[in-house]
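Written below as structure tokens is the structure these notes are about.
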């Protein structure tokens, strides 16, 4: 077994373990969200707090979003088929896009509710409101701790993380508004807190939608520069030229590349070593695990693709 094959097998094992851990953490987080949602519904009814009932509705949306994330992770584990040769990995990206869109709609609804409260601030029983909101805050902080690490390696989990972040910020807003109302009787503080919450949620949602769209459009991963990758390949002994290069993301943490390599006319055994070295460099430097290389022994004819590649190799970056 070659070094690259060993590395790929190790990476595959690590990815499966991380995915299973992320799946369990999402399930625990979903249970927390459902528990807090029930508590807020009961608290909202008995306290007369529209803010708590609104936050409970927000948490219902989050519970549905977390369920969608769990479904996507379940489907993503299905093996590749004759018709879906990359498997079902993209379900995670579709779930992230759906969750990001839901977050945008939630933020718009929060703005609408805030506007209504500016016009007619509701009377609230603040002590019970503060108790339930504090319980919700502690539970949401637990959810954030569970999902924090996983959110950095999975766009799908990142979307779920932002749902919980929205709940956490909402709980903080409810507590701050409750304290202000308790000491000043200024009920409009609830609406001001809602606007701040909506802006923060909208900011996170826009990023998730943008990143999901980049993956679906097969854009170059944001942390890679095409020119730098081309230079890395060109520095491999035996590679004379690189052209028609494409780099994209299959799903979070899984990157693919295809390119044409111009090499000297030689025996197949020599060219195999060049391909092996290129794949090793791409895996080591950029974590590109799926590589398709076409070997040629003639220079690339002058054309648009070559001109783009030559421009990028000097430091440019394409999408």
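The values are calculated or read from the model by the stated rules, or taken from the named source; none is laboratory data. The structure displayed is predicted, hence computed values, not measured ones. Cβ atoms come from the backbone with ideal geometry, glycine included; neighbour counts cover every protein chain shown.
Among the residues of region 136-148, are any under 22 Å from residue 89 (Cβ atoms), touching a helix residue (DSSP H, G or I) at 6+ places or on another chain (Cβ under 9 Å) and in a helix (DSSP H, G or I)?
First, pick out the residues of region 136-148 that are under 22 Å from residue 89 (Cβ atoms): 147.
With touching a helix residue (DSSP H, G or I) at 6+ places or on another chain (Cβ under 9 Å) added as a condition, the list becomes 147.
This time we only want the ones that are in a helix (DSSP H, G or I), so: 147.
Yes, some residue in region 136-148 is under 22 Å from residue 89 (Cβ atoms), touching a helix residue (DSSP H, G or I) at 6+ places or on another chain (Cβ under 9 Å) and in a helix (DSSP H, G or I).
Just checking, which of 209, 179, 172, 199 is closer than 20 Å to residue 152 by Cβ and part of a helix (DSSP H, G or I)?
Values: 179 fails: closer than 20 Å to residue 152 by Cβ; 172 fails: closer than 20 Å to residue 152 by Cβ; 199 fails: closer than 20 Å to residue 152 by Cβ.
Answer to the check: 209.
Any idea which of 222, 234 is out of contact with any helix residue (DSSP H, G or I) (no Cβ under 9 Å at 6 or more places or on another chain) and surrounded by fewer than 17 Cβ atoms within 10 Å (Cβ to Cβ)? First the steps, then the outcome.
Working: 222 fails: out of contact with any helix residue (DSSP H, G or I) (no Cβ under 9 Å at 6 or more places or on another chain).
Selected residue: 234, the only one of 222, 234 that is out of contact with any helix residue (DSSP H, G or I) (no Cβ under 9 Å at 6 or more places or on another chain) and surrounded by fewer than 17 Cβ atoms within 10 Å (Cβ to Cβ).
Could you tell me which numbered condition residue 318 fails, if it satisfies all but one of (1) surrounded by 15 or more Cβ atoms within 10 Å (Cβ to Cβ); (2) in a helix (DSSP H, G or I); (3) at pLDDT below 90?
Unmet for residue 318, out of (1) surrounded by 15 or more Cβ atoms within 10 Å (Cβ to Cβ); (2) in a helix (DSSP H, G or I); (3) at pLDDT below 90: (2).
Based on what the data block shows, is residue 231 touching a residue at least 60 places away in the same chain (Cβ under 8 Å) and in contact with a strand residue (DSSP E or B) (Cβ under 6 Å, 6 or more places away or on another chain)?
Numbers: touching a residue at least 60 places away in the same chain (Cβ under 8 Å): yes; in contact with a strand residue (DSSP E or B) (Cβ under 6 Å, 6 or more places away or on another chain): no.
So residue 231 fails the test.
Just to be sure before I move on: is residue 54 within 22 Å of residue 196 (Cα to Cα), assigned to a helix (DSSP H, G or I) and at pLDDT below 80 in the structure I sent?
Taking the combined requirement at face value, the residue satisfies it.
Which of the following residues is closer than 28 Å to residue 250 by Cα and either assigned by TED's automatic domain parsing to the domain that holds residue 38 or touching a residue at least 12 places away in the same chain (Cβ under 8 Å) (or both): 169, 200, 104, 108?
104
Which condition breaks for residue 187 when tested against (1) farther than 30 Å from residue 137 by Cβ; (2) over 29 Å from the mean Cα position of the chain (by Cα)?
Checking residue 187 against (1) farther than 30 Å from residue 137 by Cβ; (2) over 29 Å from the mean Cα position of the chain (by Cα), the one that fails is (1).
Just the residues that are surrounded by fewer than 18 Cβ atoms within 10 Å (Cβ to Cβ) and in contact with a helix residue (DSSP H, G or I) (Cβ under 6 Å, 6 or more places away or on another chain), please, taken from region 237-260.
The answer is 238, 244.
Take the residues of region 62-84 that are without any contact (Cβ under 8 Å) to a residue 60 or more places away in the chain and touching a helix residue (DSSP H, G or I) at 6+ places or on another chain (Cβ under 6 Å): which is surrounded by the fewest Cβ atoms within 10 Å (Cβ to Cβ)?
We begin by selecting, within region 62-84, every residue without any contact (Cβ under 8 Å) to a residue 60 or more places away in the chain; these are 63-64, 67-68, 70-71, 74-75, 77-84.
From what is left, the residues that are touching a helix residue (DSSP H, G or I) at 6+ places or on another chain (Cβ under 6 Å) are 63, 68, 70, 75.
Working: 63: 19, 68: 20, 70: 19, 75: 16.
Ranking the qualifying residues of region 62-84, first place goes to 75.
Just one of (1) modelled with pLDDT under 80; (2) more than 15 Å from the chain's Cα centre (by Cα) trips up residue 179, so point out which.
Single failed check for residue 179: (1).
Of 189, 160, 206, which residue is surrounded by 22 or more Cβ atoms within 10 Å (Cβ to Cβ), touching a residue at least 12 places away in the same chain (Cβ under 8 Å) and in the same structural domain as residue 92 (by TED's automatic domain parsing)? Before you say what the answer is, go through the steps one by one.
Working: 189 fails: surrounded by 22 or more Cβ atoms within 10 Å (Cβ to Cβ); 206 fails: surrounded by 22 or more Cβ atoms within 10 Å (Cβ to Cβ).
160 is the lone residue from the list that is surrounded by 22 or more Cβ atoms within 10 Å (Cβ to Cβ), touching a residue at least 12 places away in the same chain (Cβ under 8 Å) and in the same structural domain as residue 92 (by TED's automatic domain parsing).
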